[in-house]
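Remarks on the structure that follows.
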Amino acid sequence: MKAPRVFQLTALALVLVSAVEVGWWLLDQHRFAVDKVREMHEVYAQEVGAAQALLDAGIPAARVHTLMPGVIVTNQHAALSPDVDRQLLAEERRHIAQYAWEGSFFIIALAACIAVIARALRAEARVIQEQESFLALVSHQFKTPLASLQLSLETMAMRPLSAEHSRALIERMLADLARMEGMVTQILESMRLDRGRIDLRREPVDLGGAVARVIAGFEERAAKDRIAVSAEIERGLEVMADPLALDVILRNLFENALAAVAPIGGGSITFIGRRLGGQIELAVRDSGVGFRPADGPRLFQKFSRLHPGGGGSHFGTGLGLYIVRRLMQLEGGQVSARSAGVGQGATLVLAWPAGVAHPDRAPDPTVSRGPLDPQTARREQS
Amino acid sequence: MTVPAESTRRILVVEDDPHLGAGVVENLRAEGYEVDFVTDGRKALDWLDGKPCGLVLLDVMLPEIDGFSVCRTLRERGDNTPVLFLTARGDPADRVRGLEAGGDDYLAKPFHLRELLLRVRAILRRWDWYQSASSAEGATLRFGGNEVDFRAFRARSWNGIAQELTEKEAMILKVLAERPGEIISREDLLERVWGYDVFPSTRTVDNFILRLRKRFERDPADPRHFLTVWGVGYRFMSEGET
């Protein structure tokens, strides 16, 4: 049985025992109050008896009443005052009501404490479970590049190789190291995002410029994988975002698109930025492997990898799109993905509320449909 | 499906990581094997549907169809091609899952190249032995009214019921039948049929013997052919112990 379940059952048992204890305590106090009132009645009965004896002995009724205020005298006959009777009854009820309120308060306070502790323990158990699962997944992600690295090294140690083959193995090892370094970076980024240890600036950023910079950074890799990259961004389109966070988002989206296109031997990736209704949208459309429509939401989960990596140069960590989603959430935007199915390509769409765009600049009615920058934005490789 | 014949030097590598796959393929080719390489489970099943091979090196976490499912599908098709799992999931539960899915051996990533080559050689050697032992005169075994066809992995038991043997059942039966009347230790059976350290204990052998008794003994509780030699191993009596 798992620890939180044991704790919940123990807490429930504790509340029940406490309720029984308080109930017994109430009954005991009720019995005690009733006994006390009966004893008081007996004392008063003795007092009435004594008063009657005094009356019979010829003591004046006024004198007897002064001596015993709880006794009234009517026609030389002593009796207990109805006020005293009422007072005793009221006292009994007051005591019982007091204990009932106090008991209820204790029960509620106890239940509240248990609820708070149970909640904290559950949260802690969840965190521990997530950490364990995260660690297991991370170590699993590292094993494949490690295995590749080890295999390359042992191949070099075990076999006489040509200079060309050795060079190819060294390049492969460097690529394995680079992907492990990339994984470490992504893991650290995702952990910082999870812990909220990220302070985002908000300033107007030119979307076209940001896309062009990212495309330029992947120029060589896209060429190697025979992927044509183009951008169609409305002129003057700005989003309110942190420039560094936007760069991370665009890089991850681009890497995802490259990973989807490379395994099928090349294709195209197109960035389309426009103002649409109340939003600013940036779509990244690729002609890659696509995915089953039902798998769309899974794309943005940690360590989710839907792309087959074989045949290309993709080594995903399964964290890139998770980072994109978290950063877009922090930026106040959204990200979604759609595909007509496996082999049909995919489109990932970033959307920011239009209201956050630079207020001084109206959208340019003359829409540029051409490439953003002939030098960097459009790369045609064959 | 029968024992892969001339194809025992051909190996299919199923691995979605291009670098690791390429490294394994290069090394196997350097050892003289014919090697084909596919990157997902569906392609592996398609490939195996048309071509015979001597061994499949199978990653577990594959796109499309995972390695365990690929192996299960192969076995359901009646394909007994040996499968060596190569995977990052190296904990005991996963090893057991892999072997239950019909795998022959299991190597956790990262692995040593020499160990990989050793295991590949060991599996193929076992198959070579099985093939040669199942050729011509050794293809059929008759005992106690049972008849076993080692090439087809099929049998007909004493009561006329047709039996489909798994690769391991057939191999154990073959090892026992090679030396009728002799005591064969559990360790020897493990070594001959599985290799050295695939299973943590020799109880696995006991379970397979129980399965053979259920298939071929008239009274599995009082066996006449598959006899236990307490503390040592097993003895096969083709005529039946009286």
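FYI, it's all coordinate maths here, none of it is from the lab. On a predicted model such as this, the values are computed, not experimentally measured, just so you know. Virtual Cβ from ideal backbone geometry, glycine too; neighbours counted across all protein chains shown.
Values for this structure:
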{"read-out": "The protein assembly as shown: Rg to Rh, with Rh as the Kirkwood radius over Cα pairs", "value": "1.28"}
{"read-out": "Shielding score for B:108-119, defined as the mean number of other chain Cβ atoms within 10 Å", "value": "4"}
{"read-out": "If the convex hull is drawn through the Cα atoms of the range B:136-236, its volume per residue in Å³", "value": "95"}
{"read-out": "Sequence-separation-based contact order of chain B, relative, with Cα cut under 8 Å and 6+ spacing, percent", "value": "14"}
{"read-out": "For chain B, the fraction of alpha-carbon pairs in successive 10 Å shells from zero, as %", "value": "7, 32, 34, 19, 7, 1, 0"}
{"read-out": "Per-residue ³J(HN,Hα) for the range B:14-20, Karplus 6.51 cos²θ - 1.76 cosθ + 1.60, θ = phi - 60°, Hz, x for Gly and Pro", "value": "10, 8, 8, 8, x, 5, 5"}
{"read-out": "Average beta carbon contacts from partner chains per residue of A:151-163, 10 Å cutoff", "value": "4"}
{"read-out": "Dmax and Rg, reported as Rg then Dmax, of the range B:6-133 (C-alpha, Å)", "value": "13.2, 38"}
{"read-out": "Of B:Pro82, B:Pro52, B:Pro18, the one that fluctuates the most in a GNM where chain B has Cα springs shorter than 10 Å", "value": "B:Pro18"}
{"read-out": "Note, ³J(HN,Hα) from phi for the range B:42-55, Karplus 6.51, -1.76, 1.60, rounded to Hz, x at Gly and Pro", "value": "5, 4, 4, 5, 4, 4, 6, 5, x, 10, x, 8, x, 6"}
{"read-out": "Of B:Gly103, B:Gln131, B:Ala30, farthest towards positive along the dipole that unit charges on Lys, Arg, Asp, Glu beta carbons give the range B:6-133", "value": "B:Gln131"}
{"read-out": "Neighbour cut-off at most 11 other Cβ (10 Å), DSSP loop, trypsin sites (Lys or Arg not before Pro), the range B:1-92", "value": "none"}
{"read-out": "Histogram of C-alpha separations across the range A:139-194, 5 Å bin width, %", "value": "4, 19, 23, 20, 13, 9, 7, 4, 2, 1"}
{"read-out": "Length-normalised contact order for chain A - Cα pairs under 8 Å, 6+ apart - percent", "value": "15"}
{"read-out": "Stretchable slack from A:Thr74 to A:Glu42, in nm (0.36 nm times residue separation minus alpha-carbon distance)", "value": "9.5 nm"}
{"read-out": "Label-point gap, in nm, between A:Leu27 and B:Glu137 - each point 7 angstrom along Cα→Cβ", "value": "9.2"}
{"read-out": "Percent RCO, i.e. relative contact order, over the range B:6-133, from Cα pairs under 8 Å lying at least 6 residues apart", "value": "23"}
{"read-out": "Dipole magnitude (debye, nearest 20) for chain A, charges at Cβ of Lys, Arg, Asp, Glu", "value": "1380"}
{"read-out": "Cα-centre dipole for the range A:203-356 with unit charges at Cβ (Lys and Arg positive, Asp and Glu negative), debye to 20", "value": "540"}
{"read-out": "Separation in nanometres of the label points that stand 7 Å from Cα toward Cβ, at B:Ile183 and A:Ala157", "value": "4.3"}
{"read-out": "For peptides A:216-226, A:202-212, sequence by mean Cβ density within 10 Å, most packed first", "value": "A:202-212, A:216-226"}
{"read-out": "Placed amide H near A:Gln279: partners under 5 Å, 5+ positions off or other chain", "value": "A:Ala354"}
{"read-out": "Long-range HN-HN contacts of A:Gly288 with modeled amide H, under 5 Å", "value": "A:Gly345, A:Ala346"}
{"read-out": "Cβ crowding within 10 Å averaged over residues, with A:326-332, A:282-288, B:56-62 ranked highest first", "value": "B:56-62, A:282-288, A:326-332"}
{"read-out": "Averaged over B:30-40, number of beta-carbon atoms from partner chains that fall within 10 Å", "value": "2"}
{"read-out": "Above-threshold pairs, the threshold being 24 Å between Cα atoms, out of B:Lys43/B:Lys109; A:Lys302/B:Lys109; B:Lys51/B:Lys168; A:Lys143/A:Lys302; B:Lys51/B:Lys109", "value": "B:Lys51/B:Lys109"}
{"read-out": "Residue-wise HN-Hα coupling along the range B:210-219, computed from phi with Karplus coefficients 6.51, -1.76, 1.60 (Hz; x: Gly, Pro)", "value": "4, 5, 5, 5, 4, 6, 10, 8, 5, 10"}
{"read-out": "Loop chymotrypsin sites (Phe, Trp or Tyr not before Pro), the range B:157-237, which have at most 12 other Cβ atoms in a 10 Å radius of their Cβ (DSSP)", "value": "B:Tyr196, B:Trp230"}
{"read-out": "Charge dipole (chain A, unit charges on Cβ, about Cα centre) - positive-most of A:Phe300, A:Gln29, A:His165", "value": "A:His165"}
{"read-out": "Choice from A:Asp247, A:Asp295, A:Asp85 with maximal GNM fluctuation in chain A (Cα, 10 Å cutoff)", "value": "A:Asp85"}
{"read-out": "Dipole-positive endmost among B:Ala162, B:Ile209, B:Ser185 within the range B:136-236 (Cβ charges, Cα centre)", "value": "B:Ala162"}
{"read-out": "Rg/Rh (Cα only; Kirkwood hydrodynamic radius) as it applies to the range A:3-128", "value": "1.40"}
{"read-out": "Cα-centre dipole for chain B with unit charges at Cβ (Lys and Arg positive, Asp and Glu negative), debye to 20", "value": "500"}
{"read-out": "Compactness relative to 2.2 N^0.38 Å, alpha carbon Rg of the range A:105-157", "value": "2.29"}
